[in-house]
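The values are calculated or read from the model by the stated rules, or taken from the named source; none is laboratory data. It should be emphasised that the depicted structure is a prediction, and the values quoted were computed from it without experimental measurement. With ideal geometry, Cβ positions are generated from the backbone for all residues, glycine too; neighbour counts draw on all protein chains shown.
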Amino acid sequence: MEHPARPVNVTVNGTSHATEVEPRLLLVHFLRENLGLTGTHVGCDTSQCGACTVHLNGAAVKSCTVLAVQADGAEITTIEGLADGATLHPVQAAFQEEHGLQCGFCTPGMVMTAAYLLETRPDADDEAIKHALEGNLCRCTGYVNIVKAIRTAAQQPR
Amino acid sequence: MHPASFGYEAPASLEEVFGLLRQHGEDAKLLAGGHSLLPAMKLRLTQPEVLIDLGRIPGLSGIRQDGDTLIIGALTTHTEVSASETVRNLLPGLADTASVIGDLQVRNRGTMGGSVAHADPGADLPVTLTALNASFMLTSAEGGRTVAADDFFVDFFTTALEPHEILTAIHIPLPAAPTRTSYAKLPHPASGYVVVSAAAALTLDGSGACTGARVVLGGVGGTPHRATGTETALNGQALTPEVIAAAAERAADGIDPHADSYADEEYKRHMAAVYARRAIEAAAARA
């Protein structure tokens, strides 16, 4: 059975988009395929790995587990929208400084989760950082430098 | 992975939902945070014809105290529950439970009502809400009814909810006497779901004697399990380490846990006693 397309009006990285989508379209595919924002990755596709993490109305969410139609009216930030022009977000700069990545596949999700954590808990210690990263998997197992990078970002004056 | 094709409705009121449920019957599924339903749809474990998104209906989320009852809207997220000062002060065991569900991103979307209505035997909230003697407000076009947690969870993924009803709120009684609450969980290392967990709600009198205990196990059956032998062993007693240890030993009485590839029956029985003890100790240690 054919199901009618539904309107979706969203603001992504400050730009408004008005379109219609199939109800079953996942937010991650809307971002990657409809908008061409391929920085948001699909890793496990089963809500485990966190590579698809974006900010939906300011909250870190797994965009493989949100329908695009559920995001109607929302403000979304992806990894492409985190830097301020040529100036990296403090979390991005800290990942670079502390070598918080190996292959880089999980990095967009790690950075988006970390940026959300520091918005909500600027004083996060190592225990809080590790608890916050439970939903982000790094298959290179480079967690030590990831945690170090987030700790460095947390210590930046803001 | 894509879910099978479905129609999507985003009603703005409960009245509209009732109409849609009448129209679509069992072809429709209610969508709250979607963190149980959407993964199941992507795996094609379920293929509803229509999704009715409750996310745009005002008044279904929020936490408020109404006299001696704490009322939590069904669409309140786990993050909101775990961060709530009200919940942290009154029922720290509930805040602790919400803070160990899934992961941070899941807690930002997953809802209290969704978790309760889904009734996954590996879920956390049904265990704690049963220990807290919560009841669930089920609303329909005909009105509403409340069902106690003890009666709500019927079997694996099966509850007392009728197809035309919506779980709209969770009501938790706040006893006059100080009640100490806790949650202890052995999570599956990969999925984060419960292998075995225990929730405790202990009411103490001025002398420190336990005047009311509810101790509930998760992961040992299709529904949360009241460890009545443990509760009986605590009632009327001062909570010394010896009393707690002896009571916890009875936690596995009468359970018939299902074995899986991670935990066999004997292991789950042992963990039931261990986690019951940890939950009771944690509750007793609350100031």
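Structure summary
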quantity: Single residue of B:Leu129, B:Leu94, B:Leu125, B:Leu75 found to be on the phi < 0 side of the Ramachandran plot, within 14 Å of another protein chain (Cβ to nearest Cβ) and of a type in the set (A, V, I, L, M, F, W, C); calculated: B:Leu75
quantity: Any hit, the stretch B:16-39, residues being touching a residue at least 40 places away in the same chain (Cβ under 8 Å), of a type in the set (Asp, Glu), buried (at least 17 other Cβ atoms within 10 Å of the Cβ) and not in a loop (DSSP other than H, G, I, E, B); calculated: no
quantity: Those residues of the stretch B:40-53 which are crowded, with 17+ Cβ neighbours inside 10 Å, within 10 Å of chain A (Cβ to nearest Cβ) and farther than 13 Å from A:Val69 by Cα, in sequence order; calculated: B:Met41, B:Lys42, B:Val50
quantity: Residues located in the stretch A:100-143, provided they are out of contact with any helix residue (DSSP H, G or I) (no Cβ under 8 Å at 6 or more places or on another chain) and among the β-branched types (Val, Ile, Thr); calculated: A:Thr120, A:Thr141
quantity: Answer residue from the stretch B:40-52, given it is in contact (Cβ under 8 Å) with a residue 24 or more places away in the chain and assigned to a helix (DSSP H, G or I) and is farthest from B:Asp120 (Cα to Cα) among those; calculated: B:Lys42
quantity: Residue that is at negative phi, surrounded by 23 or more Cβ atoms within 10 Å (Cβ to Cβ) and touching a helix residue (DSSP H, G or I) at 6+ places or on another chain (Cβ under 7 Å), where the choices are B:Gln105, B:Gln65; calculated: B:Gln105
quantity: Unmet requirement for A:Thr11, which otherwise passes all of (1) away from chain B (no Cβ under 12 Å); (2) in contact with a Leu (Cβ under 7 Å, 6 or more places away or on another chain); (3) under 30 Å from A:Ile150 (Cα atoms); calculated: (2)
quantity: Scan of the stretch A:42-54 for residues that are of a type outside the set (Ser, Thr, Tyr) and surrounded by 24 or more Cβ atoms within 10 Å (Cβ to Cβ), ordered by number; calculated: A:Gly50, A:Ala51, A:Cys52, A:Val54
quantity: Residue ranges of helices (runs of 4 or more DSSP H) in the stretch B:60-121 with at least 2 members polar (S, T, N, Q) and not assigned by TED's automatic domain parsing to the domain that holds B:Gly218; calculated: B:78-83, B:85-90, B:92-99, B:104-109
quantity: Criterion: under 30 Å from B:Gly25 (Cβ atoms) and in contact (Cβ under 8 Å) with a residue 24 or more places away in the chain - qualifying residue of B:Leu239, B:Leu161; calculated: B:Leu161
quantity: Residue under evaluation A:Val69, criteria (1) over 24 Å from A:Ala115 (Cβ atoms); (2) surrounded by fewer than 20 Cβ atoms within 10 Å (Cβ to Cβ), criterion not met; calculated: (2)
quantity: Only one of A:Ile79, A:Ile129, A:Ile150 that is surrounded by 15 or more Cβ atoms within 10 Å (Cβ to Cβ), in contact with a Gly (Cβ under 6 Å, 6 or more places away or on another chain) and touching a residue at least 24 places away in the same chain (Cβ under 8 Å); calculated: A:Ile79
quantity: Selection within the stretch B:139-167 - hydrophobic (A, V, I, L, M, F, W, C) and out of contact with any helix residue (DSSP H, G or I) (no Cβ under 8 Å at 6 or more places or on another chain); calculated: B:Val147, B:Ala148, B:Val154, B:Phe156
quantity: Any hit, the stretch B:45-63, residues being of a type in the set (D, E, K, R) and touching a Ser or Thr at 6+ places or on another chain (Cβ under 8 Å); calculated: no
